[in-house]
Amino acid sequence: SAVISQKPSRDICQRGTSLTIQCQVDSQVTMMFWYRQQPGQSLTLIATANQGSEATYESGFVIDKFPISRPNLTFSTLTVSNMSPEDSSIYLCSVVASSGVMNEQFFGPGTRLTVL
Amino acid sequence: GENVEQHPSTLSVQEGDSAVIKCTYSDSASNYFPWYKQELGKRPQLIIDIRSNVGEKKDQRIAVTLNKTAKHFSLHITETQPEDSAVYFCAAYTGGGNKLTFGTGTQLKVEL
């Protein structure tokens, strides 16, 4: 499976500020996704990061709040904008490898965000 | 869109017993069903999956069954061990939506 890293691993931020999370994969991947996992909850898909075009957002998530970039097949960023305490969560990058078994999806280690 | 329900939300078993977690899905077009294990503070890890052309799949102590007609699938863990304690998530993949929809999770506790 692909090796996925995320930076930062955790951060504590003040409300009203923005944080950009990076996701780096060691090989080219067909699909990259961003998820949110609130404390004690399941995984909720924020958006699909599309290489070379705008991300595809799920219901309840908008580009102004969660801008996403994917400049190439191994890297993506998620920005959490104008943060409030409700944005405190774990944000996870996930990928489907180009060379892997169809549909198999793997997760990065996550970024634990606390907003004060 | 797809909706995945998962039961139970918590499950406590004695070491050596079996554990069963059940999920139902709503979209008959879903064709891939992975299970993830998430230990505290760690990322979800893919432990087993099944595709819609297969009724059962086994990997050592873990097995997954799929009933397409009833739209439900289950995870079976035999001879449970303390290291099996974790949160388990089922998910369903719909090709049309090109994404996974996750269940709500099951906290499994294996007691000595």
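The values are calculated or read from the model by the stated rules, or taken from the named source; none is laboratory data. For clarity, every value in this text was computed on a predicted model and none was experimentally measured. All Cβ positions, glycine included, derive from the backbone under ideal geometry; neighbour counts span all protein chains shown.
Results, tabulated for the structure shown:
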read-out: Hits in region B:28-58 - residues which are farther than 14 Å from A:Val101 by Cβ and among the charged types (D, E, K, R); value: B:Lys37, B:Glu39, B:Lys42, B:Arg43, B:Glu56, B:Lys58
read-out: Filtered residue count, region B:79-112, keeping only those that are surrounded by fewer than 14 Cβ atoms within 10 Å (Cβ to Cβ), modelled with pLDDT of 95 or more and either within 11 Å of another protein chain (Cβ to nearest Cβ) or closer than 28 Å to A:Met102 by Cβ (or both); value: 0
read-out: Qualifying residues in region B:4-38 (those that are of a type in the set (D, E, K, R) and within 10 Å of the chain's Cα centre (by Cα)) - the one nearest to the other protein chains (Cβ to nearest Cβ); value: B:Lys37
read-out: Selection count where residues are crowded, with 16+ Cβ neighbours inside 10 Å, away from chain B (no Cβ under 13 Å) and aliphatic (A, V, I, L, M), scope region A:43-77; value: 2
read-out: Answer residue from region A:98-110, given it is surrounded by fewer than 20 Cβ atoms within 10 Å (Cβ to Cβ), within 14 Å of chain B (Cβ to nearest Cβ) and in contact (Cβ under 8 Å) with a residue 24 or more places away in the chain and is farthest from B:Ser52 (Cα to Cα) among those; value: A:Pro109
read-out: Lone qualifier among A:Leu92, A:Leu113 - being in a strand (DSSP E or B), of a type outside the set (Ser, Thr, Tyr) and away from chain B (no Cβ under 14 Å); value: A:Leu113
read-out: Selection count, region A:51-89, where residues are in contact (Cβ under 8 Å) with a residue 24 or more places away in the chain and part of a loop (DSSP other than H, G, I, E, B); value: 8
read-out: Among the candidates B:Asp49, B:Asp27, residue that is among the acidic types (Asp, Glu) and within 19 Å of B:His76 (Cβ to Cβ); value: B:Asp49
read-out: B:Asp27, sole failed condition from (1) in a strand (DSSP E or B); (2) crowded, with 16+ Cβ neighbours inside 10 Å; value: (1)
read-out: Out of B:Asp59, B:Asp49, B:Asp27, B:Asp17, sole residue that is in contact (Cβ under 8 Å) with a residue 60 or more places away in the chain and more than 26 Å from A:Gly60 (Cβ to Cβ); value: B:Asp17
